[in-house]
Each structure stands twice: as C-alpha cells, then as structure tokens.
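Taking it in order: structure first as structure tokens, then the write-up.
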Amino acid sequence: MSSISSSRPMRTRGRVAFTALLLGAPALAATAALVAAPLAQMFDASLRHQDFGILQPGFTLENYRALLGSVQYAELFYKTIAAAALVTMLCALFGFPVALHIAAAGPRHRAFLYFLVTAPLLINTVVRSYGWLLMLGNRGLINTVLIATSITSEPLPLSGNLLGMVIGATQVFLPFMILSLTTSLDGLDSRLIESAGILGASRIRTFLDVTLPLTVPGLIAGSVLVFSLMLGAIVTPLMLGGSAIRYLSVTIYTDAFVLFDLPRATASSAILLLAVTCLYALQRHFIRSYQDKATT
Amino acid sequence: MPGPPSTSPVPLKVRARGLDKSFGSHRALRAIDLDIHNGEFLTLLGPSGCGKTTLMRVIAGLETNDGGTVMIDGRDVTHESPRRRGLGMVFQSYSLFPHMSVAENIGYGLKVAGKSKTEIEDRVREMLELISLPHVADRRPKALSGGQQQRVALARALATRPSLLMLDEPLGALDLKLRRQLQAELKRIHRATGMTFLFVTHDQEEALFLSDRIAVMRDGRIEQLDTPENIYRRPANDYVADFVGDVTLLSCGISGRNRRLAVVHDWPNAAPVTIAHPSPFDRFRLVVRPEQVALVPPDGRNGLPANVQEVINEGSTTLVLLKGPAGNQLKARLIGRPNFALHRGAAICAEVRGAEVCLPMEAG
Amino acid sequence: MTQTSLPVRIAAACTYIFMFLPLMVIILFSFSDRSYFTFPPQGFSLKWYVQAWEGGQFFVPAIRSVALGTIATAIAAVLAIGGGLSIRRLKERPVARAIELTFLSPLIVPHLILGIALLHFFNPPGLIDTFTGLLLAHVVIVFPFMYRTVLVSIHDLNPQMEEASELLGASSVQTFRHVILPSLVPGLAAGGVLGFIVSFDQFTISMLITQREQITLPVAIYKYLYDVNDPVVAAVSSVLVAFGFALTLAVQGLRRANLPTA
C-alpha cells in the first residue's frame, strides 16, 4: 500500500503503475530469483565444456551439436515423442467415454463422478506409480492371475520397460484429459444432439457429426496438456520404466545424477524446455482464438 | 456588526474552475465552471456520456482532472485525496460491504476515524431512524431489498456528517414506484439535514422534482444552470428545451406592432400565435410545450388547423399528436378527456397559449 | 443430454476401474500379513501400520511435509494477493501480460528441469538439504496455483467498494484490511487447499534438493520403496490415499459453499 502525503498528485497513470509494481514486486522477485535465475544458470552450463566434472570458461555450442547430430539422440527423441503421443492417445480413448458419461449424469450423480475423477489427482504420483508396480510386477496382480489361470507360464515383462511407463502414465494423466473434455462437453447444447437424433442420425453418426467436432477444442487442449506433462514427467517413467529406458527425461536424469555429465544434461533440458514452452504457447494461442470465435 | 446579513455573500460549498478531463481521445469535461451553494440540492442532468458522472467524480477526487481547480469550503482540494475532502457518496450499485452487517456498514466511516464504540452505536441508531429502517441493524445487505439497500447506503454516507453528499444515479436500479417513494424521502432528508446535495441523473422528471438548481450537461459542457422552473419554462437553447420535457419548435416570423405576434411558417391557414414577451428576433423558433396547446373544435378562424394522428392515454392526462396541413407536427397534452370527439383523423384546431421562449434560427 | 448408450457406459466403467484398481491394490496389500504380494490376499493384519508408526522413517518427514505445505502456502498467499492486485491495477497494459507469464512460469517448466536448475543454484549458498531451500522451492511451486485462484476473487472485486471506503475516510491500509481482504477469503481458502496439496504431493524437486536430513514424505516413501520394499510402504500409501479422498471432498464442499455467493 502506498504511503500518503497530502499534496501528492493523485491517480495519475504513473502512480497507478508504481503502486502496482510495488504490490507485485515480491511475487515477481520470487519467481525471477527461483525460476529465471536458476534456469539462466542452467542454460549457461549447457554452453560450457566440462573437464573432470568442472565447467570450463568459454562458450561452445558443442553440447547441442553433439545432441542434435547424433543418431542415438535422434532415436531417443523419436521414442520419447512416440511414447508421449501414445499416452496422449490412450488418455483420449479412455477419457472420452468417461467425459460423455459425466456430461449425461444428473447434478448429484455428477458431483460423485467428479469426485472419482479428481481424487486420483490429489494422490501422490509416487503412491500411484507404486500401485502400478504392485499391478504389473513379475509377482504383481496381473502376472499372478495370468499364471494361476495358466494363460502364461512365465511372468510377462509388464514393468521396467516403456510398456509399464505408458500404462502407468496413462492413469496418472487421465484426469487432466477427462476434465478438459468435460469442460467442452458441458458447453455442448444437448438440443443439438436431440435434434440430430430426431433427424434420424444413428448414435454413432450423431457422435461423429455433432459431438466430436464440438468437443475438438477440449480434446486439443487436453491433448496438448497431457503431451507436455508427459514430456516433462520423471516419477512414473523412472518407477515403472526404470533408469535404462530410452526416454528423454529419464536420460536427462541419468546424465545429471548417474553420469554427472552436466553439459549434456543441461543441453537436453534446454531442448525439452523449449519443446514444452512451445506447446504451452500453442495451447494458449488455440484457447484464445477459440474464445474469440465463441464470443463473436 | 457592520452590514445587515442579507448583503453578506452566500458562502460557496464548491467552487470549480476550468475543469478539464480526457479519457484517451474522448474529452469528458471541457473547461467547466461550477458553483454549488451551501445547503442547496444541485442536480447534474444529461444523457449518458455527457460528463456528469465524471464531473462528480472529479469533485470527489476519484478522478484526477487534467486542468482546473476544485475548492471546497474555500479550500483548494485539487490535489487532496478523496478521504480528506470530507464528502459522502451514494453509488447506483449501492456498494455496501457484503461481509458486514447493516450497522457495521453505517458505522464504518466512524470506525476508521477511530470513534468510540458508544458514539458509533448512537450514530448508527440515529441514522437507522432517519432512513426509517430501525429494525435491520443486524442483517446483511444481501438480505435487504434494493430500495432498502440504497437507504442503508445513504445512511452510511450521512453517518460521518459529510459537508457535501454526492449521489450518482442512486435510484437508477429501482422500479418506478420505489423511485417516487425514495425521491420524496431524499427530499425530506435533504431538508432535515440541511446538507448540500450533488445529484447525478439522466431522468429529467427526477431532476425537476428534486432540485433547487439543475445543470443540464452535454459533451462535457454545462448548457444551462438554473432553477427547475427556468430550465423548463425558459430553456436557453434547443438542446435544453428538447432534453427537459416534451417540446415542439415552430419556425415563425414576427409581426404586430409590439412584436408579440408570431406567424407560423409553412402552416397554411394558421392564425398568428400570441407570445408572452416581445421577440428579439425577426425570424425565430417558438418553444411550445404540449400543455401550452389547447384543442378547440375547428371553426377556421382561431389557432392552427390540424388532424389528430394519435391519442395516447397517460392516465390523468391525454397526449394528442397532431399533424398540420403541410405535415408539421405538434403535441397537445390535455387534462382529463375533452368534451368533443377525438379520434384518429379528426379535424381539430390547436391554440397555443402562453408560449414565451423564442430561439434564434439555426445557423445555415 | 440424452442417456448414454450401453457401450459408452461399459467403457466408462472400465476406465473408472483402471483408475482405481492400483489404489485398491495398495490398500489390499497394506492389510496382508505376508511381506510379499499375493493374490488373492492371504491373512489380515495391521502390523504394517504399527510398523510404519513405530519405525519412525515416515513420522518426521510427514510432519515436515505438513509444516512445509502450510508455511509455503501462507507465503505464496501473501505473494499472490500482491501479485493479483498488481495485475488488476495494470489492467490491459502490455507489462501486465509479461508479468503474468512470469508468475505462471513455474507451471510451465517441468519439475525435473527446475529441480536440476535449483540443485545447482542452491549449491553455492549451502541451501541443499535445508528446510529453507525446500521452503523456497515449494513457495515458487505453490505460488502459481494460489495466484490463479486468488485472481478469480480479485477480478470479482467491485472497485466502487474501495472508492466508498476511501470516501468514508479509510486509509489504503484500512481499506485493504476491512474491505479487500474479507472479499478475498473464498479465493484464499480454495487456493490454500490447492496449494497445500501441490506442496504436499511435490516429489521431484524435493527429491533433487534434499539428501537425508530434510526429506519429505513422498521422498521418504520413494527411498523406503527402493531400500526395503515391504508393505509398510503400502500402509503409508493407504493413509495418503485416504487423505487424498478426504481433501477432494473438502475441496468439493468448499466449491459448493462458494457457489451461492459467487
């Protein structure tokens, strides 16, 4: 709050801006000091050579050149994007029926369904991934059942690989997709669906011609969100995939904490951060242009 | 004591000089001068966007003026913060604090001024009596009707005994019946407190009913500042004439030795109209109020021959829309119903009685 | 909307099972009397809960996590009120968008990256494995959530309310204390619960900037899982699942309570 002197010029543009900056300064300082500065330092490390664990003076683009020029990394990027895309698609596939179900429910029932969808969000990812370890492990629920019913004799490798990561991550990120889809389905006019029904469209036709196109914004918003969250995820990949899988965030983790190759870890981090930021900007742009279209 | 009290100058509550205010490229106030006398009820009247609310907010200190000065009780407050100007304000949207009870709302100004608990309680009780709502002290504002909320807002503004009370379209959100009721109440409270009231409205009837003086505004300027009587009967220009009450302007030329006979142009077979004062112009427009028009059966001798176009029943009065032979329009307001046939298309004669204002012809 | 068709309902039911089965398995396992996973479960015992309580590996981290969540949320709330009021005053100016993006940046940066960056940033001043370092990181993680919820309340503020207060003689501080702050209570309450959850569930950054002394509950669970891996983890996790459900209900209750006034 500004101090008061009796003869100050009041409510001028300058004063409003000054007070505003004063109010926002602590928050701005905190985010700048604890996000911008550490990231800048990290970016700096990505431009250095490292000898025996010590960063050397002088800038170089060698770390980026090595990453982007290597066949191994090309494969890593490809696998990472494919896995994240797979998780996103599975979330959409599982999320759509749930979103339709919630949108069709009465208000009381709907509150309960919202509870079902949001409750897992409030449970720690470590705990949720642990649940999947109990499900997918060699002596986990699924393999126990499969062996007991003699469908297989040997336990299937369901965890410790990309498969385990994709299954676990789908469950972890599913609520985001459902909430995003529900939001756009809520705005859907049920009279449109009814009139489509009256016009003789089958349920599947109604879904393809009416429901699906109108939920595209929610689908895209949810997909971008899940995709970018998955790109940055580390807990589930590490716990269900293991430190040996070819996944970018896991490789960054190993580079930084197992191999102590800071320049490579920071350079891959910078590439990952750039990708996630672009996705975020894309999503904002898309939502904004959709809102503009909706208001005009 | 040197002179008799009648010759001492009336002390001014507000003296504003040369107020300018722009919002971007829009000039909200253009060099406004305004004097508000102690104890008067002054209304700023005009359509939305005319600058009336901006003028009030500049006087209150809620907007900074680009140029000019504001003095309150002889003190220059141009650069003073609103909280130090000693003013009260009532907003159209009530702006009561929703998380406080009615009593806490009314006592707020005294509380922040550090007054004692008993003093606040006494004053709150007194205010609730004044607004005739003694039983709502412990309720939340949301539990009250719109009219009650606005009375509480009034009590809150009056509780600190401001030297000037500003009311920004305070009755705008209320229905007609409640408006009438609260208008009477406002008038009573103004008389009871002896405070200076500055009122903003776009409703000319409200302004005419409440005010000691009215400032009619347009495009950031004051077009006329006068008593309701003069604003209505002697508008300074077309704009004021048209904005305050129904009016028809008849183009006329002067005739007669004492310049008190107006010959209506473009109105075939019209008899000259007698006007109250000699006209200063040779060609002019005569301001005719509907109640200055009387209808008589057509005899071809007196008045303006016309046909009835529409008869509108207004309850205690009847508004008749007339059309002259050349297509000119005229309105007549009758008390009760006339004793002869009035129906659409009927031929009739309109007599203009008591018209007194002549406006110059428009330039070009 | 019309009734959903049977296939849609079956698919939805399968998804709900998919979402909850792993959590149910944890709870089931926590009551087992074997130290390894069996299905169908054999025996019933509460010994893992007793062991979790008496073992002490989780108690201190749990207290720390609660304290951390509470303090970080309180600090973030103060920052968020200032930041929100600042954005409101700046309105449509271009600076406002830049500032807002800065405020939201902790949401965009993946926690792994922020964690690595903070690890190296905190190293020279000796903030690694300290409560202060942990608190700083959590404040910045919680802040955007708090900011977004408080901003909703701030946008609902009626500027005439402040003008009325000022004209009645209140100073800026008095207006803030008596008029603005009470209006922000719903947003602060919702943001408080959300912020606490975000801090309480935060794993990656806490893991990277602590070692042994200052680990939080999720980190303790993770470490125990890799060191011992017996149903004690399931017992602690079950408590967290129950806690998560309780918090969800609290949030829903809050939202419903806020609806009529909004």
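Ordering A:Glu75, B:Glu351 by how much accessible area each has at a 1.4 Å probe, largest first, what is the list?
A:Glu75, B:Glu351
Compute the accessible area of each residue in region B:46-79 twice, once for its chain alone and once with every protein chain present, using a 1.4 Å probe on heavy atoms, and list those whose area falls by at least 50 Å².
The answer is B:Leu62, B:Thr64, B:His79 - residues whose exposure falls by at least 50 Å² when every protein chain is included.
Taking H as built 1.01 Å from N, whose amide H comes closer than 5 Å to the amide H of A:Leu158, not counting residues under 5 places away?
Long-range HN contacts for A:Leu158: none found.
Tell me, what is the per residue accessible area of chain A in Å², probe radius 1.4 Å?
Normalised by residue count, the accessible surface of chain A is 47 Å².
Find the accessible area per residue for region C:1-146; the probe is 1.4 Å, ligands and nucleic acids are left out, and the unit is Å².
44
Enumerate the calculated ³J(HN,Hα) couplings along region C:67-73 in order (Karplus 6.51 cos²θ - 1.76 cosθ + 1.60, θ = phi - 60°), each rounded to whole Hz, writing x wherever the residue is Gly or Pro.
4, 4, x, 5, 5, 4, 5
Springs between alpha-carbon atoms under 10 Å, Gaussian network over chain B: tell me which of B:Ser93, B:Ser316, B:Ser145 tops the mean-square fluctuations.
Greatest mean-square fluctuation among the candidates belongs to B:Ser316.
Calculate the FRET efficiency for B:Lys323 and B:Asp282 from the Cβ-Cβ distance with a Förster distance of 25 Å, rounded to the nearest 0.05.
After rounding, the FRET efficiency stands at 0.35.
Might you report the magnitude of the Cβ-based charge dipole of chain B about its Cα centre, with Lys and Arg at +1 and Asp and Glu at -1, to the nearest 20 debye?
Dipole of chain B, to the nearest 20 debye: 360 debye.
Using DSSP, restrict attention to beta bridges with both residues in the protein assembly as shown and report what percent are antiparallel, rounded to the nearest 5.
75
Around B:Ala16, what is the net charge, scoring Lys/Arg as +1 and Asp/Glu as -1 over all other residues with Cβ under 15 Å from its Cβ?
Net charge in that neighbourhood comes out at +2.
What list of ³J(HN,Hα) couplings, whole Hz, do you get for region C:93-101 from phi and the Karplus terms 6.51, -1.76, 1.60, once you set θ to phi - 60° and write x for glycine and proline?
Whole-Hz 3J(HN,Hα) from phi for region C:93-101: 4, x, 4, 4, 5, 5, 4, 4, 4.
Within 10 Å of each Cβ of C:156-166, how many other protein chain Cβ atoms are there on average?
6
Using +1 at the C-beta of Lys and Arg and -1 at the C-beta of Asp and Glu, which of B:Gln181, B:Leu295, B:Gly345 has the Cα lying farthest in the positive direction of the dipole of chain B?
B:Gln181
Ranked from highest to lowest mean number of other Cβ atoms within 10 Å per residue, what is the order of the peptides A:63-74, B:265-276?
Put in order of decreasing packing, that is B:265-276, A:63-74.
Counting only residues 5 or more places away or on other chains, whose amide H sits under 5 Å from the amide H of B:Ala28 once H atoms are built in the peptide plane?
For B:Ala28, whose amide H was placed from the backbone, the distant partners under 5 Å are B:Lys21, B:Ser22, B:Phe23.
With unit charges on the beta carbons (Lys and Arg positive, Asp and Glu negative) and the dipole taken about the Cα centre of chain A, which residue among A:Ile245, A:Gly168, A:Ser289 sits farthest to the positive side?
It is A:Ser289.
If you put +1 on each Lys and Arg Cβ and -1 on each Asp and Glu Cβ, how big is the dipole of chain C around its Cα centre, in Debye rounded to 20?
360
Need one value for C:231-240: mean number of C-beta atoms belonging to other chains within 10 Å of its residues' C-beta atoms.
3
Quick one: Cα centre-to-centre distance for region C:56-105 and region B:87-108, in angstrom?
Here the two parts' Cα centres lie 32 Å apart.
How much of the accessible area of region A:76-178, probe 1.4 Å, is carbon plus sulfur, in whole percent?
72
At 222 nm, what helix-only mean residue ellipticity would the protein assembly as shown give, in deg cm²/dmol to the nearest 500, using -39500 (n - 2.57) for each DSSP H run of four or more?
Computed mean residue ellipticity for the protein assembly as shown: -17000 deg cm²/dmol.
When Lys and Arg each count +1 and Asp and Glu each count -1, what net charge do the other residues less than 15 Å away from B:Thr193, Cβ to Cβ, add up to?
+3
Once phi is turned into ³J(HN,Hα) by the Karplus curve 6.51 cos²θ - 1.76 cosθ + 1.60 with θ = phi - 60°, what whole-Hz value does each residue of region A:82-89 show in order, with x for glycine and proline?
After applying 6.51 cos²θ - 1.76 cosθ + 1.60, I find 4, 5, 5, 5, 4, 4, 4, 5 Hz.
Sort A:177-186, A:109-118 for me by packing, meaning the mean count of neighbouring Cβ atoms within 10 Å per residue, highest on top.
A:177-186, A:109-118
Which net charge results for the neighbourhood of B:Pro134, defined as the other residues with beta-carbon distances under 11 angstrom from its beta-carbon, given Lys and Arg at +1 and Asp and Glu at -1?
So the surrounding residues net to -1.
Roughly how many percent of the accessible protein surface of chain C is carbon and sulfur, given a 1.4 Å probe and a whole-percent answer?
About 67 percent, which is the carbon plus sulfur part of the accessible surface.
Scan around B:Gln309 for amide H atoms under 5 Å from its own, H built in the peptide plane at 1.01 Å from N, and keep only partners 5 or more places away or cross-chain.
Those lying under 5 Å, H to H, from B:Gln309 are B:Leu321, B:Leu322, B:Lys323, B:Gly345.
Tell me which of A:Thr149, A:Leu90, A:Leu23 sits at the most positive position along the dipole axis of chain A, charges placed on C-beta atoms (Lys, Arg +1; Asp, Glu -1).
Value: A:Leu23.
Which one, B:Arg234, B:Arg125, B:Arg257, has the greatest fluctuation when you compute a Gaussian network model over chain B with C-alpha springs under 10 angstrom?
With Cα springs under 10 Å in chain B, the top fluctuation among B:Arg234, B:Arg125, B:Arg257 is at B:Arg257.
Over 27 Å between C-alpha atoms is what I'm after, so list which of B:Lys21/C:Lys91; B:Lys52/B:Lys323; B:Lys21/B:Lys187; B:Lys115/B:Lys177; B:Lys117/B:Lys142; B:Lys52/B:Lys331 land there.
Too far apart for the 27 Å limit: B:Lys52/B:Lys323; B:Lys21/B:Lys187; B:Lys115/B:Lys177; B:Lys52/B:Lys331.
Which of the residues in region B:89-107 lose at least 30 Å² of accessible area when you go from the chain alone to all protein chains together (probe 1.4 Å)?
B:Phe91, B:Ser95, B:Phe97, B:His99
For the interface of C with B, what's the total buried accessible surface in square angstrom, probe 1.4 angstrom, rounded to the nearest hundred?
Rounded to the nearest hundred, the buried surface is 1800 Å².
Buried accessible area between B and A (1.4 Å probe, both chains summed, ligands and nucleic acids excluded), in Å² to the nearest 100?
In total, this chain pair buries about 700 Å².
What does the highest-first list of C:82-91, B:65-74 look like by mean Cβ count within 10 Å?
Highest to lowest by the protection proxy: C:82-91, B:65-74.
In peptide A:144-153, how many Cβ atoms from other protein chains are near each Cβ within 10 Å, on average?
Average neighbour count from other chains, rounded to a whole number: 1.
Take every DSSP beta bridge whose two residues both sit in chain B, then give the antiparallel share in percent to the nearest 5.
So the antiparallel bridges in chain B amount to around 75 percent.
Mind checking how much accessible area C and A bury in total, 1.4 Å probe, in Å² rounded to 100?
Approximately 7800 Å² gets buried when C meets A.
Rank these residues by their accessible area, most exposed first, probe 1.4 Å: C:Glu213, B:Glu63.
C:Glu213, B:Glu63
Let's see if you can work this out: charge +1 on each Lys and Arg Cβ, -1 on each Asp and Glu Cβ, no other charges. What is the dipole magnitude of the protein assembly as shown about its Cα centre, in debye to the nearest 20?
1160
The values are calculated or read from the model by the stated rules, or taken from the named source; none is laboratory data. A quick note: this is a predicted structure, and the numbers were derived from the prediction, not measured. Neighbour counts are summed over all protein chains in view; Cβ atoms, including those assigned to glycine, are modelled from backbone coordinates with ideal geometry. Protein only, heavy atoms only, side chains kept; ligands, DNA and RNA dropped before computing areas. Shrake-Rupley method; radii C 1.70, N 1.55, O 1.52, S 1.80 Å.
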